[in-house]
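Computed from the coordinates by the stated procedures, all read-outs in this text should not be read as laboratory data. All values reported here derive from a predicted model rather than from experimental measurement. Here the Cβ is made from the backbone with ideal geometry for all residues, glycine too, and neighbour counts use every protein chain on show.
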Amino acid sequence: ILNRQQVIPDYAVSARDAVVLIVHPENPDTTLGERQLKEMLTGNITSWPQGNPNSPLKDVTLVLDHQQAGARRFLQDSLLNGKNLQSKRLFALQSSEEVVQYVATHKGAVGILGWAQLADKDDPRVKNLKSKVKNVLVDGMRSPDLCPYKPDYFGPFQSFLTTECYLLGRDVYTIRREVIFGLGTGFISYARGFKGQR
């Protein structure tokens, strides 16, 4: 549409978000390798012992918060280089709360959510959700050249998102289609400035 209108949009990164993986509190696998995660998403790993022979759990179930979830698109585009999620044990529910409830009652499940759903530590609703599950740390880096840290595994935490260490970190863009500098430009400048970022 923008090409037909001969409008060249201006893109700016305004924030960083992430895709977070959650598991049941009794799941002993609190870390996943990049390769292992890809194999789960493409259906090559369907049980926990395939990735960890010592795991007491059986089938791996992957749960999204919506069929058209942005996390699904991100994993396909950015982690699997355009390949579709092929696991027959992947399905979607209707909300992040439903995903947390499912993972909290199914030991072999992996919940896949946007980090914004679990990031506000002061929100009583978020505290309640996070008390029922635990985060999975992931190896591999989004930008090895930018990441100053050297641990093997990273979680979706602010310092790792800012330095692009966390593999499943994603940028949030604002797109300006104005042909002149107007309100849109002002809003983007504000959003990217000190006050807007706070």
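Stokes-Einstein at 37 °C, 0.692 mPa s, Kirkwood radius from Cα pairs: D for the chain in µm² s⁻¹?
The Stokes-Einstein estimate is 180 µm²/s.
Between Glu34 and Thr174, the distance separating the two model label sites (each 7 Å from Cα on the Cα→Cβ line) works out to 3.1 nm. Computed log10 I(q)/I(0) for the range 44-93 at 0.26, 0.30, 0.31 Å⁻¹: -0.98, -1.08, -1.10, from the Debye equation with unit scatterers placed on every C-alpha and solvent omitted. Considering the zone a paramagnetic label at Lys195 would reach in this model (a point 7 Å from Cα along the Cα-to-Cβ line), which residues of the range 167-187 have amide N under 12 Å from it? Only 187 fall inside the zone, counting backbone N under 12 Å. Pairs from the list Lys58/Lys83; Lys38/Lys83; Lys58/Lys88 with a Cα-Cα gap above 19 Å: Lys58/Lys83. For the range 5-23, the residues whose amide N sits under 16 Å from a probe point set 7 Å from the Cα of Phe181 along the beta carbon direction are 10-11. Taking trypsin sites (Lys or Arg not before Pro) across the range 70-102, the ones in a DSSP loop with at most 16 further Cβ atoms lying within 10 angstrom of their Cβ are Lys83, Lys88. By the rule of a C-alpha distance below 19 Å, with chain neighbours fewer than 8 residues away ignored, the aspartates and glutamates paired with Lys134 are Asp17, Glu26, Asp29, Glu34, Asp59, Asp65, Glu97, Glu98, Asp120, Asp122, Asp123, Asp152. If you keep only loop residues by DSSP, which chymotrypsin sites (Phe, Trp or Tyr not before Pro) in the range 95-198 have at most 14 other Cβ atoms within 10 Å of their Cβ? Listed in order of number, the matching sites are Tyr149, Phe181. Placing +1 on the Cβ of every Lys and Arg and -1 on the Cβ of every Asp and Glu, with nothing else charged, gives the chain a dipole about its Cα centre of roughly 240 debye.
Each of Ile188, Gly108, Pro151 was placed along the dipole of the range 88-198 (beta-carbon charges, centred on the mean Cα), and the one lying farthest toward the positive end is Gly108.
Just need log10 I(q)/I(0) for the range 115-180 at q = 0.15, 0.26 Å⁻¹, Debye formula, equal scatterers on the alpha-carbon atoms, no solvent, rounded to two decimals. With no solvent term, the Cα-only Debye profile gives -0.60, -1.08. Note on Glu26 and Lys83: with the Förster distance fixed at 25 Å, the Cβ-Cβ geometry gives a FRET efficiency of about 0.20.
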